[in-house]
Amino acid sequence: MASQLSWLDHDAAAGQRSLQLLSLFSEPDARDELGIGGIRDSIADQLFPGTSTIQTRLRYVFFVPWLMEQLDASNTSASAFRLAARSSEVRLLKALLANTAPDEPGVIGRESGEDLKRFPSSVYWTALGSWGLRRARVSQQQYYATAERRHAQRGARRMRDDQDMHDGDQSGLAWDKKLVELRPAGFPGNADLALTRGEAALLLDRWTLHHGQSLLTWIAQDIAHGNALPDIEQIWLHPRKETFPEAIRLLIDDAHRLNVLIRGAALLYNLELARLSPPSDAIALERGLELAAWADEGLPLCAGWDLEAFWTRVTNKGHTISTDTQKFVRMWLGLALRHRADIGASDECRLLIRDRETNLKRKGNRSRFENLAAREQWSGKAGLVPLSYRWPVARDFLNEWHAGWTNAQ
């Protein structure tokens, strides 16, 4: 597996997106069957920048730089850096297993041990750059390959006549200076997953500096002022939503409408598949009833949705949203509103859904409408997992951040 994924190192952001895509292979009901993942991720990146669905615990954004800085301090060569980094991450894993309870969630590698394929450094590399904790704008592969250059820069800094550098002087440093200073003595042997007050303060400062307009920062600041983090399943249920900045409120309204709109498309998709398989009559009945209820109770939220304004908020934000995808969303919204009373029987609606999935999966003939083997892997609930826009990850991070913020250490 490692050799098959080695190409992911060349571009950190692309690699992170690819790892997220691969993580969905084991979650068939959550797959993006109708090709709206770029829209979903554009919204998620604006609300909760630096997060991803494959992240677990927040303190890994400190562990990874601390490990890398230790390797740099020991003058690890470029040729040895990859294996040395792997060994360091294995030592971290062993320390976490020794220092945390057996049921502590989020320890990366608890089950797989040293056979771990996806190490924390790859999972958090993009977040470290996004939050300004990684100052070197390089992929992991590039970081490993430039070890000697960093050693030379460190040597040059030690030879400077002026040793009283002000806090802003971080020239030549790969990692945030204050982050490195927070590394506890004895790390990684004493590592645990609880954030300290100093770490939480640094994160709030960097979130504010690099993503001051994001919802991640707004909620962290809100918590810092004494307001509670609500335990909600979807971000549009936040009780203080009306106090969010206008740009965020508009984007959350978009997110809510897209979630509703695509659920209807996924229901019709599953209904069409059930119609192809006589043994699935019970599924067809269930999806048909759900689709009718969605048309009555959910779809009205999407009436009057200004899609042109929506596209300006989500396009050109680092994710590909093709004109075909925009056309599909526009057509599905229009047809669903027009055929609201009988969407399941509408030839126009049914053909749109079939054509969309077939065209997306034409390469390799992976369409469930055309490939019996693919259809046999169908669960009956494909694509029906709600769009969360990474709120569950962000909510967990914010809970961890709050615990650190109130930590006396």
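Hey, among N399, N359, N407, which residue is of a type outside the set (A, V, I, L, M, F, W, C), under 28 Å from L307 (Cβ atoms), touching a residue at least 12 places away in the same chain (Cβ under 8 Å) and surrounded by fewer than 17 Cβ atoms within 10 Å (Cβ to Cβ)?
So the residue among N399, N359, N407 that is of a type outside the set (A, V, I, L, M, F, W, C), under 28 Å from L307 (Cβ atoms), touching a residue at least 12 places away in the same chain (Cβ under 8 Å) and surrounded by fewer than 17 Cβ atoms within 10 Å (Cβ to Cβ) is N359.
For segment 342-369, name all the residues that are modelled with pLDDT of 95 or more and of a type in the set (G, A, S).
Once the filter is applied, which keeps residues that are modelled with pLDDT of 95 or more and of a type in the set (G, A, S), segment 342-369 yields G344, A345, S346, S367.
Among the residues that make up segment 190-198, is at least one of them surrounded by 15 or more Cβ atoms within 10 Å (Cβ to Cβ) and either touching a strand residue (DSSP E or B) at 6+ places or on another chain (Cβ under 6 Å) or among the hydroxyl-bearing types (S, T, Y) (or both)?
The answer is yes; a qualifying residue exists.
Can you pull out the helices (runs of 4 or more DSSP H) entirely within segment 304-409 that have at least 3 residues that are assigned by TED's automatic domain parsing to the domain that holds R287 and over 30 Å from L250 (Cα atoms)?
The helices (runs of 4 or more DSSP H) meeting that bar are 347-360, 372-376.
If I filter segment 246-269 for residues that are touching a helix residue (DSSP H, G or I) at 6+ places or on another chain (Cβ under 6 Å) and among the basic types (K, R), do I get at least one hit?
Yes, segment 246-269 contains a residue that is touching a helix residue (DSSP H, G or I) at 6+ places or on another chain (Cβ under 6 Å) and among the basic types (K, R).
Find all pairs meeting these conditions: Cβ atoms under 9 angstrom apart; at least six residues apart or on different chains; first residue within segment 56-73 and within 14 Å of W175 (Cβ to Cβ) and polar (S, T, N, Q); second residue in a loop (DSSP other than H, G, I, E, B) and modelled with pLDDT of 95 or more.
Listed by first residue and then by second, the contacts come to Q70/T76; Q70/R183; Q70/F187; Q70/P188.
When the residues of segment 370-390 are filtered to those that are of a type in the set (A, V, I, L, M, F, W, C) and modelled with pLDDT of 95 or more, which remaining residue is nearest to R354 (Cα to Cα)?
This residue is A382.
The values are calculated or read from the model by the stated rules, or taken from the named source; none is laboratory data. Quick caveat: nothing in here was measured; it's all calculated off a predicted structure. Quick reminder, even Gly has a Cβ in these numbers, built from the backbone with ideal geometry, and neighbours come from all protein chains shown.
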